[in-house]
Amino acid sequence: MTPRRPLVIGHRGASADAPENTMPSFERALALGADGIEFDVHLTSDGHAVVIHDALLDRTTDGTGPVHLHTLDQIRALDAGRWFGPEFAGVGVPLLSDVLELPARIFELEIKTWGRRVIDTVLVEVDVAGVMDRVKFTGWGQLGLADLKRRRPEATLGCFNQAPQPWMDDAVYEHSVVGTAEVAGFDVTHVPAAAITPRIADAIRALGSEVHANDIRTPADLDRALAAGATSVSADDTATVLEALGSGH
């Protein structure tokens with residue numbers, strides 16, 4: 001039997017082709033044929049959910065300082081595209097509500113900040129958009145995600161895992177990933193594609209969790225994800241992954 005093609009998620013959109021976490025990047029990923037998009041959410045000082053990766057504005061906008069200390073009007077005045085290329089000058093930081101209007105099959109929504117206020121705001125936005133069944137909530141703040149799950153049991157959660165650390169051998173890394181998945185009890189377990197193995201994936205599936213291979217950067221990474229039978233994969237270079245899977249446009 002031919003293995004099923006994994007779902008392809010554009011990491012921060014098609015971020016190899018357009019400035020990450022912007023509407024052009026998301027639209028490019030979906031135009032290429034990606035099944036979904038991954039993006040990151042912070043709150044402004046006046047409580048609006050905006051899509052940007054870093055806690056600081058400096059790397060991907062012409063602003064400076066923490067996102068959470070700026071109002072929505074201040075964020076909207078920033079340029080979030082020129083750093084990537086002059087053709088993207090004037091591209092702004094999108095609102096979460098804008099992104100949730102896109103025709104993606106999957107929204108991988110990473111909560112990047114802390115506290116109950118962000119969870120409250122994100123849940124309202126998802127409910128207003130009517131896309132709860134298409135959202136996968138992720139983040140490194142597993143306590144916050146667990147709180148979200150208690151409040152909304154129907155929510156789909158993704159559990160992150162770090163890349164292998166220098167002090168880990170293969171057995172220790174496998175023990176770390178599988179043990180984390182067991183305790184978290186989330187719906188999807190994320191494992192870096194460069195470190196995933198069939199043994200890890202099989203153990204995750206035995207716990208009732210789907211397997212996501214993230215951060216595909218090389219053909220070898222994709223081969224490892226496919227060998228492990230990952231349900232879904234993510235990459236910055238969405239076009240190359242889709243082409244390798246025979247689904248590029």
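Determine whether region 82-97 contains at least one residue that is modelled with pLDDT of 95 or more, assigned to a strand (DSSP E or B) and out of contact with any helix residue (DSSP H, G or I) (no Cβ under 7 Å at 6 or more places or on another chain). Within region 82-97, one or more residues are modelled with pLDDT of 95 or more, assigned to a strand (DSSP E or B) and out of contact with any helix residue (DSSP H, G or I) (no Cβ under 7 Å at 6 or more places or on another chain).
Against the definition (in a helix (DSSP H, G or I), surrounded by 15 or more Cβ atoms within 10 Å (Cβ to Cβ) and under 16 Å from the mean Cα position of the chain (by Cα)), how does Val118 come out, yes or no? No. When Ile75 is tested against (1) under 25 Å from Val124 (Cα atoms); (2) buried (at least 18 other Cβ atoms within 10 Å of the Cβ); (3) under 16 Å from the mean Cα position of the chain (by Cα), exactly one condition is not met: (3). Taking the conditions (1) in contact (Cβ under 8 Å) with a residue 40 or more places away in the chain; (2) in contact with a His (Cβ under 7 Å, 6 or more places away or on another chain); (3) farther than 22 Å from Ala235 by Cα in turn, Lys112 satisfies each one other than (3). Among the residues of region 127-137, the one identified as in a loop (DSSP other than H, G, I, E, B) and either among the hydrophobic types (A, V, I, L, M, F, W, C) or within 16 Å of the chain's Cα centre (by Cα) (or both) is Val131. Exactly one residue out of Arg12, Arg59, Arg4 is under 17 Å from the mean Cα position of the chain (by Cα) and not acidic (Asp, Glu): that is Arg12. So in region 25-57, with the set limited to residues that are in a loop (DSSP other than H, G, I, E, B) and of a type in the set (Val, Ile, Thr), which one is nearest to Asp120 (Cα to Cα)? Top of the filtered list is Thr44.
Screening the candidates Thr64, Thr60 for the property of being without any contact (Cβ under 8 Å) to a residue 24 or more places away in the chain and either assigned to a loop (DSSP other than H, G, I, E, B) or crowded, with 17+ Cβ neighbours inside 10 Å (or both) yields one hit, Thr64.
No other residue among Gly144, Gly65, Gly47 is at pLDDT below 95 and farther than 18 Å from Asp17 by Cβ apart from Gly144.
The values are calculated or read from the model by the stated rules, or taken from the named source; none is laboratory data. Fair warning: this is a prediction, and the values are worked out from it, not measured in the lab. For neighbour counting, all protein chains shown are included, and Cβ atoms are generated from backbone atoms with ideal geometry for every residue, glycine included.
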